[in-house]
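The values are calculated or read from the model by the stated rules, or taken from the named source; none is laboratory data. Note that the structure is a prediction, hence the values are computed from the model and not measured. All Cβ positions, even for glycine, are placed from backbone atoms using ideal geometry, and neighbour counts span all protein chains on display. Please note that ligands, DNA and RNA were not included when accessible areas were found on the heavy atoms of the full protein model with its side chains. Shrake-Rupley method; radii C 1.70, N 1.55, O 1.52, S 1.80 Å.
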Amino acid sequence: MTLSRLLITLSASAAIALSSAGAALAAGQDAMPPVPKPPVANAGSLSGAYLAAKTAQAAGDLDTATDFYTQALSIDPTSETLQQDAMFAYLADGRFKDGVDLAAKLRDEASVAKVARITLGVDALRKGDFDAAIAEFDIVNPSDLDALLLAHLTAWSEVGAGRIDEALSRIDQTKGAPWYQIFNAYQKGLLADVSGRPEVARASLEGILKDQTLARTSPDAYLGAASALARLEAREGNKDAALKAVDAGLAIAPNYTPLSFLRDRIDRGETIEPAAASVQEGASETLYVLGQAINRGDGRDVALLYFQLARSLSPRNPALLIALAGIAEQADQLDLAISYYKEVPENSAYRRTADLQIGLDLWYADKKDEAKTHLRRAVRDYPNDKRAYTALADVLSADKNYAEAADALNKAIELAKADNSADWNLYYQRGIAYERQKMWDKAEPDFKKALELSPDQPQVLNYLGYSWVDMNRNLDQGLDMIKRAVELRPNDGYIIDSLGWAYYRLGRYEDAVEQLERAVLITPMDPTINDHLGDAYWHVGRRREARFQWERALVGKPEATEEQRKEIEAKLKNGLDDPSATTIRAEADSGESAPRTKADADKMPAGTPAGASETPEAETPAAEPDTAPQTTN
């Protein structure tokens with residue numbers, strides 16, 4: 001399942017720097033208690049419990065995995081291998097106390113000593129035992145990433161112990177890879193702010209904002225610096241300087257909600273909290289921002305560990321909750337993701353995004369009526385947020401309720417800024433909603449508007465070009481559009497299918513076979529692509545292969561629609577007879593439409609559903625992302 005999120009995983013947000021009043025809890029409070037759940041089955045043996053734990057862990061179900069590890073440890077509490085695996089699972093699942101208990105036993109075990117000692121150090125810092133934390137963070141031969149993390153956590157511990165000069169000096173002396181620069185400057189700014197040294201904080205944070213290229217290394221640190229400086233200036237009574245700092249962040253992420261939220265609060269003259277109100281919150285931010293920098297691919301497991309350690313220091317940090325929800329979604333743990341979103345504080349800048357994402361995750365979890373009800377409520381709660389209307393339109397389109405989806409998109413477009421290139425998708429989605437209602441006179445202008453705003457969008461080029469070819473209009477221009485879409489997405493089986501089907505509609509059957517064979521290689525189980533290839537094979541005389549492809553279409557994934565199934569079964573029985581290329585071209589030139597033998601009026605490019613997703617229409621809705629720069633992938 002491909003998840004479409006309102007926030008991309010690299011959300012480019014600083015944790016507490018972007019939360020609103022009251023979001024942070026007092027230092028030393030443990031993580032939020034887990035929601036009660038039914039117990040897992042008794043595995044019955046040590047090997048059974050261990051195997052069940054490892055299987056659940058591999059599937060991303062850490063909740064079940066930790067329960068089975070607990071069962072295994074109750075049978076054999078002395079196994080170091082079991083303890084090590086369980087420690088990682090407990091920490092990744094947010095069971096911090098259980099993880100700490102095992103870390104204390106494994107502190108001197110070479111293979112896991114680093115993680116065990118960092119965990120113990122974070123626990124000591126959480127409790128305010130700063131010298132004990134410093135001792136645990138004194139680890140030899142760390143990697144570049146570990147060295148940076150340990151230096152920053154140690155500096156925060158030194159601030160907690162009252163040694164501010166030593167803390168600031170430690171940051172200055174932390175040298176290493178070139179990418180250290182923005183992280184050091186950001187942490188120094190936060191350290192100085194917490195320590196009551198605004199001039200040092202200002203100089204460090206301003207230095208970040210003067211160099212936009214630093215955002216390529218860590219958008220989270222860059223936007224965090226903008227927020228932290230704005231908060232400092234607002235507390236100092238420098239409103240203009242505060243707004244200037246916010247605008248520096250918005251210059252690289254114009255639609256970034258937390259900064260817009262902060263700007264509105266500053267404009268209204270509200271009391272603005274510091275970016276980090278305590279040593280614990282500052283250390284949490286260290287773990288969060290470095291976790292975000294590696295939160296992709298193979299680094300996601302380590303990022304999850306960082307996030308959960310950060311959460312032990314700041315349990316209600318909204319940026320952390322959003323990040324944890326994103327990882328849960330990646331693991332297809334949608335109920336867990338929803339539980340994280342529900343914990344986002346009501347007065348947080350992230351609350352609105354969390355509400356909308358809950359609606360989308362309910363849809364993915366096949367709670368479709370609940371999803372629609374939730375998003376309709378969101379539209380009422382946030383009547384001036386175009387994202388709410390877009391999210392509602394996404395699920396309505398996926399539910400084939402195109403009329404209501406178009407109404408929601410009408411409102412989203414009303415709220416959008418005029419001729420903003422980022423809004424091309426609103427017109428594209430509305431064009432699809434109109435086309436599916438057979439309102440081409442309204443659909444075509446929307447597709448053209450989408451291309452006017454963003455000329456090289458392969459989905460739009462594909463959709464409009466295919467539509468023209470399929471309706472025997474603007475054949476040369478339509479074919480050129482599809483070819484351009486293929487150039488932009490050369491490995492997209494659905495768009496290549498559109499090119500093949502366009503050739504088919506033009507009677508260029510050999511060309512159709514060539515493209516459709518490519519599409520099937522890339523997307524082998526799609527029923528529409530297999531159906532198309534069968535049709536093309538039939539017309540080049542490869543009748544046995546045609547029947548084979550039609551039979552494959554009947555067992556494809558996702559399943560063929562009932563209408564497709566009836567058409568394919570008829571072709572298997574009677575073969576196929578379509579108009580020749582000469583007839584199609586003649587009818588196109590005269591403005592007439594060719595007879596349709598396969599319900600072509602409803603046939604659009606495979607993989608272009610409402611929401612601009614590259615998945616087949618019957619699949620999930622997509623939501624408009626918060627625009628924010630990503631770290632390099």
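Which order do the peptides 498-506, 382-390 take when ranked by the mean count of other beta-carbon atoms within 10 Å per residue, highest first?
In descending order of packing, they fall as 498-506, 382-390.
In the structure shown, the pairs Lys372/Lys449; Lys386/Lys448; Lys210/Lys239; Lys342/Lys386; Lys342/Lys368; Lys97/Lys368 are assessed against 26 Å; a Cα-Cα span above that value is assigned to Lys372/Lys449; Lys97/Lys368.
Which FRET efficiency value, to the nearest 0.05, is calculated for Phe548 and Gln477 with the Förster distance at 22 angstrom and r the Cβ-Cβ distance? Before the final figure, lay out the partial values.
Details: r = 35 Å, r/R0 = 1.58.
Calculated transfer efficiency: 0.05.
Karplus-derived 3J(HN,Hα) values for the range 127-141, using 6.51 cos²θ - 1.76 cosθ + 1.60 with θ = phi - 60°, are 7, x, 8, 6, 5, 5, 4, 4, 5, 5, 7, 7, 10, 8, 6 Hz; glycine and proline are entered as x.
Rounded to the nearest Hz, the phi-derived 3J(HN,Hα) couplings of the range 235-248 under the Karplus curve 6.51 cos²θ - 1.76 cosθ + 1.60 (θ = phi - 60°) are 5, 7, x, 9, 4, 4, 5, 5, 5, 5, 5, 4, 5, 5, where x marks glycine and proline.
Annotation: extensible slack from Ala203 through Asp298 equals 30.6 nm (criterion: 0.36 nm per residue apart, minus Cα-Cα distance). Note on the range 168-283: Rg/Rh from Cα positions, Kirkwood definition for Rh, rounded to two decimals, is 0.95. The Rg/Rh ratio for the range 257-393, using Cα coordinates for both the radius of gyration and the Kirkwood hydrodynamic radius, is 1.00.
If you look at the Cα atoms of the range 313-422, you get an Rg and a Dmax of 14.4, 48 Å. Report note on the peptides 95-105, 312-322: ranked by the mean count of other C-beta atoms within 10 Å, highest first, their order is 312-322, 95-105. Taking all Cα pairs closer than 8 Å and separated by 6 or more residues, the relative contact order of the range 312-433 comes to 16 percent. Only protein heavy atoms count here; under a 1.4 Å probe, Arg197 has an accessible surface of about 80 Å². Packing here is the average count of other Cβ atoms within 10 Å per residue, and on that basis the peptides 476-488, 73-85, highest first, run 476-488, 73-85.
Projected over every direction and averaged, the convex hull enclosing the alpha-carbon atoms of the range 42-96 yields 3.2 nm².
Taking a quarter of the surface of the Cα convex hull of the range 397-482 gives a mean projected area of 5.3 nm².
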